[in-house]
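> What follows is a single structure, and I will ask about it in a moment.
The values are calculated or read from the model by the stated rules, or taken from the named source; none is laboratory data. Since we're looking at a predicted model, the values are computed, not measured. Cβ coordinates were reconstructed from backbone atoms using ideal geometry, including for glycine residues, and neighbour counts include every protein chain displayed. Ligands, DNA and RNA are excluded from the accessible area calculation, which covers all protein heavy atoms including side chains. Shrake-Rupley method; radii C 1.70, N 1.55, O 1.52, S 1.80 Å.
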Amino acid sequence: MTVKTQWAQLAAVRGAINQVLLVFLINVPTVSFGLALGWVSLVSGETAAGEGGGAGGKGGDEAGRAAVIASVTTFTASLVGVPLSARALLAGRKVALIATSACFVVCWSLKLASVWGGAVWGGAWLVLAARAAAGLGGAAAWALAPLLAGEMCSPRFRGAAVAALALAHNCGALLMYLAADAAAPQRTILWWCLGLSVTHCVVFSFLPESPSFLAAKGRVKEASAALAWLRGLSVADPALEAELRALPPIERAQSSWSLTREMLSDPQRRRAFIIGALAVIGQEACGVLAILQYAERVFVLARDEEAHVTSQLSPALNVTSQLSPTLNVTSQLSPALNVTSQLSPALNVTSQLLPALDVTSPLSPARQAVIVGAVQLVASALALYLVERVGRRPLLVWSAGAAGGALALAAALAGRSARGAAAALALAVAADSAGLQPAPYALLADMFHYQFRGCALLLASAGASAGNALEVALFPLAARAGLRAALALAAALTLAYALFAALLVPETRGRQPEQIYAEVGPAPPGAGGRTECTGVTMGLLDKLSAWFSGGEQATVLVLGLDGSGKTSTLNAMRPPEQRVTHTVPTVGHQKDYFQSGGVSFSAWDVSGAARMRPLWERHYRDAHAVIFVVDSADHLRLVVAREELELLLAHPDMFGRRISPFFRTLGLERIGDKPWHVCSSSALSGAGLADAVAWLARQLRERRAR
C-alpha cells in the first residue's frame, strides 16, 4: 500500500468521524424535542404526575386533559416557529441551530420555575409558556436537521444523515419514558435536560458553518475551509475540487415570500413539492405520533378495557358455582396426582421465575411504554441503513403498509388482550420508525437544490405541525369511543397513506432534482413528454398546483456557444436588486427565473462548451421557447453557432414543433415553420432585452389562446 493510499484512507476515516460528530450535534435539539414530547406521556399516564405537580399531581382525567392541552400548544406554537426559523436561516445555518437550542433552554428553565415557584408565579402559565417554547424549537429542529445534514454531509452518508433525525427524536422520547418508569424526581430530569441544551449552544458555536451557505454568500475561502474539515482533507487537496465546483453560486437577496413564489413558479417543481409535502404531512398525521404522545395512557386504556370485558364475562364463567359437586376435582383426583405434593421444590416454577415474568403480574403501562420506546429506537437505527440500501419510495410504501396492518391488528385485539394489543402497537411503532418517519424527510431533501431546499423543508414542517396539532387533539376524542375506534382510525389513515406513496411518490435516491421533476410531470403542454402517473392522480395534482400560482408558465432554453453571454443575459433580466456583480461560466446547467408580460419563465442556462453541448437535447422535449445567444463580436465562430442551431432545429424533439426561437444577431429568414425574432441587445447593460422578452411572452400567450 502506497503512502498516498494510506493518506487517502486516513482522510476518509477522519472525514467520516467529523461528519458523524456533526450529525450528532445537529440533532441535539431534536433529542430535546423528543424529551419534551415524552414528557406528555408522563403527564397522561397512570401516575398522572402533572407538569410541575409532583407525585401528588392531578388525577387521571384531569391530567389527561392537561396532556392534550400541552400537546396542542406545542404543535400550534410550531406553526409560529416556521417563519421564525426562516428568518434565523438568513443569518446562517449555525446561528439558526443555536437559536433552536436556546428555545429549549427557555423551555426547561420555565418548567423548573413552575416546579419551584408555581404557586407564586402561576405554574399553569409557566408550563404553557414552556410548551410554546418547545414548539418553537421543535419546528426549527425538524426543518434544520435534515437541511444541514443534506448540505454538509457527502453523498455517501447523506441519506443516513437525514434519517438520523428520527433516531434522535426517538432517543429523547425513550429517555423520558425511562425517567417516568423509574419515577425519577422531576427537578433532576429538568436539570439534565437544561444542561443538555446549554452545552449544545456552547459546543456548536465552535463548529464550521455550512459550506453551501458560505458559498452562496460569496465567502468562498471560508466555504473551502469548512468543506475541507468535513471531508478530513487539506484546503489544497485536489479531491475537494469537484465538491467546490458543485457548491451553489452567489445567491441574490430575496424575501421568504418571493423565494416561495419562485420555487412554486415552475409546474414540475411545484408538483414535486406538493408530493413531498404530502409525504411529510401524511406521515406525521397517520396516528402513530399520537400513540407515542400518550403511550402510557394508551396502555392504561388497553388494560382497563380488557378488565372491563373480563368482569362482564366472569359470572357466566364461574366454574365453582356452575359445576356439579360430582365434578369436584379435589375429591376425585388421586393423591398420587397432587402436583404440589409430588413436584420437587427445585421445580417450583413460582419460586424460580423472576417476578417480572409472572403472568399474574403483567407489566405496568409505564414499563410497556419503555419497551415500545426501545423498539422505536432500535428501528430508527435500522432506518439509517434501510433508507440508503432500500431507497426512499420502497421503504415508504412497505413501512406504511406494515404500520397500517399492525394498527389494524391492535384495533382487533383491543379489549380482548391487552398484551396482544401492546405487541401489535410495538410492531406498528417499529415499522413507523424503520421507514415511515425518516423516508419523507430524505425524499423532500433530495427534491431540491440549495436555493429552495430550506424553503421546501420549512413549508412542509409547517404543514406537519398543523397535522400534528390536529392529530393529538382528535386522538383522545376518538379514544372516548374506545381504544379500538381510535386505533382503527389510525390504521385506515396509515393504509391510505401507503396507497398514496405507491401511486404518486417517486424514487429520489441518487437522482438529481431535474430527473425527479421529469418523473412527477406531466411534461409541459406541447412537449410530447410522458409521465409515470395516471391521468386521474395528475389531474388532482394539477388542481392543487393551481392553488399555489397563477398566470402562464413557460420553460425556456438559453443556448449558445461558450462565452456568448447566456448567463449575463439572464442576469440582466433580473430586477436590479437581484443582479450579481460578476457572473461565472456555467458548468453543466442551472436554472433561473424571470417574468414578463404576465408569463413566468423558468429558464435553463445550459453550458455551451463543446463537450457539454450534447446535454442540450435533454431539455428539448420540455421547452416552450429557445433563446439562442450569439456574440456578434466573435466573427470566427459565427459559422459554428449556425451549425449548432441547425442541429438543434433538426433534432426529432424539435422538428415540426411550433416552438418560439428568439435569436440574437443572426438573420435566419429560412425558418418558416416557427415564429422567430432577431434582437440586438447588450447582456451587460440589458439594452434591448426587455422588448425581446416581451415579444416572446406575447407569442406564448397567443399560441395558448388558439
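> Please find, within the range 403-424, the residue that is nearest to V372 (Cα to Cα) out of those that are at pLDDT below 85 and either open to solvent by less than 20 Å² (accessible area, probe 1.4 Å) or part of a helix (DSSP H, G or I) (or both).
A422
> Moving to a separate point now. Select from the range 429-475 the residues that are within 30 Å of A486 (Cβ to Cβ) and acidic (D, E) and write down the one among them that is modelled with the lowest pLDDT.
Among those residues, the one meeting the criterion is E471.
> Give the range 148-167 a look and list any residue that's surrounded by fewer than 24 Cβ atoms within 10 Å (Cβ to Cβ) and in a helix (DSSP H, G or I), or say none.
Correct list: E151, P155, R156, F157, R158, A160.
> Give just the number: which of (1) in contact (Cβ under 8 Å) with a residue 60 or more places away in the chain; (2) in a helix (DSSP H, G or I) does F448 not satisfy?
For F448, the exception is condition (2).
> Applying the selection to the range 213-225, what residues are under 25 Å from the mean Cα position of the chain (by Cα) and farther than 11 Å from G92 by Cβ?
A215
> Could you tell me which numbered condition P476 fails, if it satisfies all but one of (1) open to solvent by 10 Å² or more (accessible area, probe 1.4 Å); (2) more than 19 Å from I291 (Cβ to Cβ)?
With (1) open to solvent by 10 Å² or more (accessible area, probe 1.4 Å); (2) more than 19 Å from I291 (Cβ to Cβ) applied to P476, the lone miss is (2).
> Starting from the range 6-28, keep only residues that are farther than 20 Å from V235 by Cα and in a helix (DSSP H, G or I), then list their pairs with residues that are open to solvent by 30 Å² or more (accessible area, probe 1.4 Å) and of a type outside the set (F, W, Y) whose Cβ atoms are within a distance under 7 Å, requiring at least 6 positions of separation or different chains.
Going by the 7 Å Cβ cut-off, the qualifying pairs are L25/V203; V28/L196.
> Kindly check whether there is at least one residue in the range 388-401 that is without any contact (Cβ under 8 Å) to a residue 12 or more places away in the chain, in a helix (DSSP H, G or I) and within 24 Å of V520 (Cβ to Cβ).
Yes, the conditions are met somewhere in the range 388-401.
> Please determine whether any residue of the range 485-494 is buried (at least 24 other Cβ atoms within 10 Å of the Cβ) and closer than 30 Å to D592 by Cβ.
Within the range 485-494 (the criterion being buried (at least 24 other Cβ atoms within 10 Å of the Cβ) and closer than 30 Å to D592 by Cβ), the answer is no, since none of the residues qualifies.
Condition check ((1) out of contact with any Leu (no Cβ under 6 Å at 6 or more places or on another chain); (2) part of a loop (DSSP other than H, G, I, E, B); (3) under 30 Å from S114 (Cβ atoms)) across all residues:
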site	(1), (2), (3)
T188	yes, no, yes
A223	no, no, no
L230	yes, no, no
P248	yes, yes, no
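> Determine whether the range 108-126 contains at least one residue that is among the β-branched types (V, I, T), modelled with pLDDT under 90, in a helix (DSSP H, G or I) and open to solvent by 10 Å² or more (accessible area, probe 1.4 Å).
Yes, the conditions are met somewhere in the range 108-126.
> Would you check if E222 is touching an Asp or Glu at 6+ places or on another chain (Cβ under 9 Å) and either buried (at least 18 other Cβ atoms within 10 Å of the Cβ) or over 30 Å from D622 (Cβ atoms) (or both)?
yes
> Within the range 589-644, take every residue that is open to solvent by 60 Å² or more (accessible area, probe 1.4 Å), aliphatic (A, V, I, L, M) and part of a helix (DSSP H, G or I) and give me the one that is modelled with the lowest pLDDT.
L636
> Determine whether S205 is open to solvent by less than 30 Å² (accessible area, probe 1.4 Å) and of a type in the set (G, A, S). It would help to see each step written out before you state the result.
Numbers: open to solvent by less than 30 Å² (accessible area, probe 1.4 Å): no; of a type in the set (G, A, S): yes.
In short, no.
> Under 9 Å between Cβ atoms, at least 6 apart or on separate chains: pull out the pairs that start in the range 225-246 with a residue that is under 14 Å from A12 (Cβ atoms) and end on any residue that is part of a helix (DSSP H, G or I) and hydroxyl-bearing (S, T, Y).
L240/S224
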